[in-house]
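Reviewing the structure listed below.
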Amino acid sequence: MEKNDLIEVLIEDVSLDGKGIARYNGIVIFVPFAAVGDKLIVKILKVKKDYAFGKTEKILKKSLHRINVDCDSYYKCGGCVFRHISYDEELRIKSKFVKDSLNKFAGITNFNVSDIIGAKDINHYRNKAQVPVRYNRDQKIISGFFSPHSHNVVECLDCKLHPKEFDKIIFEIKKWMQFYKIVPYDETANTGLLRHIYLRYAKSTNEIMVCLVINGESIPCKDILVRNLTGKFENIKSICLNINRKSTNVILGDKNKVLFGEDFIQDILCDTRFNISPLSFYQINHDQTEIMYDIAKNMLNLKNTDNVLDLYCGIGTIGLTMALDINKLLGIEVIKQAVENAIKNSEINNIRNSDFICGDVVEEIDYISSYIKNVNTIIIDPPRKGCDGRLIDTIMKISPEKILYISCNPCTWARDLKILCKQSYNLRSVVPIDLFPRTGHVEVVCLLSKLKSDKHINVELEMDKLDLTAEKSKATYADIEKLC
Ligand code: SAH
């Protein structure tokens, strides 16, 4: 197989990042925007040792899963990857990905994973947008999203993922920029002022936060902007500047300045109120998060004697929605503003059995776990890279009865499960849930419980057997990166 070859293929499966998978003479070919059952003429773009990338030249026979694409930016933007196929098919792909990850990276083949929980609303569900603002070649101010693997902005004026009101706010901000000659950021020269328009929406209260990420300390004509925005959008409760003067891909800087209102908006999740600051993590799909937290709570079967450690706790959402059912809650989180939010959030909800500590869970959990005695439940909700090995060692030492693991990356989740299950935990329940419809992401929530001594030998034997047969389960980080 060589670059520019034209070959006929049948799409057999679709990866989590939306690429069709075909086989040709033993070589796997990835084809974007394809669907299972498509018969295609594919042009080969790149050939690696045992796989290749191609693009569709001609559709010979259309898959039954194909639907009409309803977004003009879809083929350039990279935000969505499933807009050309039905939602049912997307859910099947996501569900399979979770099962395959469990098999490949944890070596667990015979586990009954629950049906994936799909979303009722698959459009306009995202409560957060970080929209880059740049000049195009004609010096027109454009906003949209970076195209995949690049920093070229694909203009998008009506994103199907975030609330429609965001687009109206972005339009107003760009009008203000044009009129007052506010220069957008130029990342090659690290010049210009406005880098990103960062918006957040609290679904339960309808509150909006507008945050301008700037390469400077302040903006000219800010009173006019504040007046325009708050006059047109009554539900804007916070307008902030985020200062980011570094030449970096990281969107947000460390410092915020309030131009209007407070430095937070408030949302309600599972009957609990949460203040959310610009730098704090907050789940982007409100309704699916509520469902996920209910599932998590049911899985844990909480008792008023439970002492719970909420690791990677953010603004305290998971622990605080459970706090009334338990004895004591301790959350740990590395971002200072998020911890400040979490402490305030316990106060505004009148929760008195919680504490939050700012620190790196890996470095500090040993010391922190001595803070509350008899921890019997640990909740882990790490970022995409999963848990550090040292953290897992410490969790083993604490030896809680129950571990609830929530993950946005099934590959690292399964890698971590492998260690936990090999030592002294039994996988009880796995529920995939779609927090990110139309995009190449899926969330998973699972419960592990400590092995009882009478069952210990059986389960250990089973795991050993799996280890011998499932050679593929010894996944390296390189494997995981490839799969993701
Ligand atoms: N449980 C929260 C947040 C989950 S996102 C929720 O559901 O809303 C993961 C969180 O882990 C983020 O808030 C991030 O700031 C935090 N984090 C990342 N690395 C960390 C570390 N090493 N120690 C502590 N917190 C960390």
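Summary of values
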{"read-out": "Tally of residues being assigned to a loop (DSSP other than H, G, I, E, B) and either open to solvent by 30 Å² or more (accessible area, probe 1.4 Å) or over 13 Å from residue 353 (Cβ atoms) (or both) across the stretch 290-340", "value": "13"}
{"read-out": "Some residue of the stretch 282-289 being open to solvent by 10 Å² or more (accessible area, probe 1.4 Å) and in contact with a Pro (Cβ under 7 Å, 6 or more places away or on another chain)", "value": "no"}
{"read-out": "Qualifying strands (runs of 3 or more DSSP E) (wholly inside the stretch 1-76; at least 2 residues being open to solvent by 50 Å² or more (accessible area, probe 1.4 Å))", "value": "6-10, 19-24, 39-47, 51-61"}
{"read-out": "Qualifying positions in the stretch 149-175 - open to solvent by 70 Å² or more (accessible area, probe 1.4 Å) and of a type outside the set (Lys, Arg)", "value": "149, 151, 152, 157, 158, 171"}
{"read-out": "Check on residue 253, at pLDDT 95 or above, assigned to a loop (DSSP other than H, G, I, E, B), within 16 Å of the ligand (Cβ to nearest atom) and open to solvent by less than 50 Å² (accessible area, probe 1.4 Å)", "value": "yes"}
{"read-out": "Those residues of the stretch 382-427 which are more than 13 Å from the ligand (Cβ to nearest atom), in a loop (DSSP other than H, G, I, E, B) and crowded, with 20+ Cβ neighbours inside 10 Å, in sequence order", "value": "400"}
{"read-out": "Scope the stretch 106-143; condition modelled with pLDDT of 95 or more, on the phi > 0 side of the Ramachandran plot and open to solvent by 30 Å² or more (accessible area, probe 1.4 Å); matching residues", "value": "124"}
{"read-out": "Filter result (open to solvent by 40 Å² or more (accessible area, probe 1.4 Å) and either on the phi > 0 side of the Ramachandran plot or over 22 Å from the mean Cα position of the chain (by Cα) (or both)) within the stretch 176-204", "value": "178, 179, 180, 181, 183, 186, 187, 188, 189, 190, 191"}
{"read-out": "Residue within the stretch 363-376 that is open to solvent by less than 20 Å² (accessible area, probe 1.4 Å), at pLDDT 95 or above and outside any loop (DSSP other than H, G, I, E, B) present", "value": "no"}
{"read-out": "Conditions (1) assigned to a loop (DSSP other than H, G, I, E, B); (2) away from the ligand (no atom under 16 Å from the Cβ): number failed by residue 278", "value": "(2)"}
{"read-out": "Candidates 308, 334 - the one that is near the ligand (Cβ under 9 Å from one of its atoms), closer than 24 Å to residue 444 by Cβ and modelled with pLDDT of 95 or more", "value": "334"}
{"read-out": "Only listed residue being more than 28 Å from residue 432 (Cα to Cα) and small (Gly, Ala, Ser), chosen from 22, 34, 52", "value": "52"}
{"read-out": "Condition broken by residue 357, with the remaining ones in (1) open to solvent by 20 Å² or more (accessible area, probe 1.4 Å); (2) at pLDDT 95 or above; (3) part of a strand (DSSP E or B) satisfied", "value": "(2)"}
{"read-out": "Residue under evaluation residue 146, criteria (1) open to solvent by less than 40 Å² (accessible area, probe 1.4 Å); (2) of a type in the set (Phe, Trp, Tyr); (3) modelled with pLDDT under 95, criterion not met", "value": "(1)"}
{"read-out": "Output for the stretch 243-266, where each listed residue is closer than 21 Å to residue 168 by Cβ and within 26 Å of the chain's Cα centre (by Cα)", "value": "265"}
{"read-out": "Residues of the stretch 311-331 classified as among the β-branched types (Val, Ile, Thr) and near the ligand (Cβ under 8 Å from one of its atoms), total", "value": "3"}
{"read-out": "Filter pass, residue 347 being free of Cβ contacts under 8 Å to residues at least 40 places away in the same chain, over 27 Å from residue 388 (Cβ atoms), out of contact with any helix residue (DSSP H, G or I) (no Cβ under 6 Å at 6 or more places or on another chain) and within 14 Å of the ligand (Cβ to nearest atom)", "value": "no"}
{"read-out": "Count of the stretch 350-373 residues which are over 18 Å from residue 389 (Cβ atoms) and more than 13 Å from the ligand (Cβ to nearest atom)", "value": "11"}
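The values are calculated or read from the model by the stated rules, or taken from the named source; none is laboratory data. Please read all numbers here as calculations on a predicted model, not as lab measurements. With ideal geometry, Cβ positions are generated from the backbone for all residues, glycine too; neighbour counts draw on all protein chains shown. Protein only, heavy atoms only, side chains kept; ligands, DNA and RNA dropped before computing areas. Shrake-Rupley method; radii C 1.70, N 1.55, O 1.52, S 1.80 Å.
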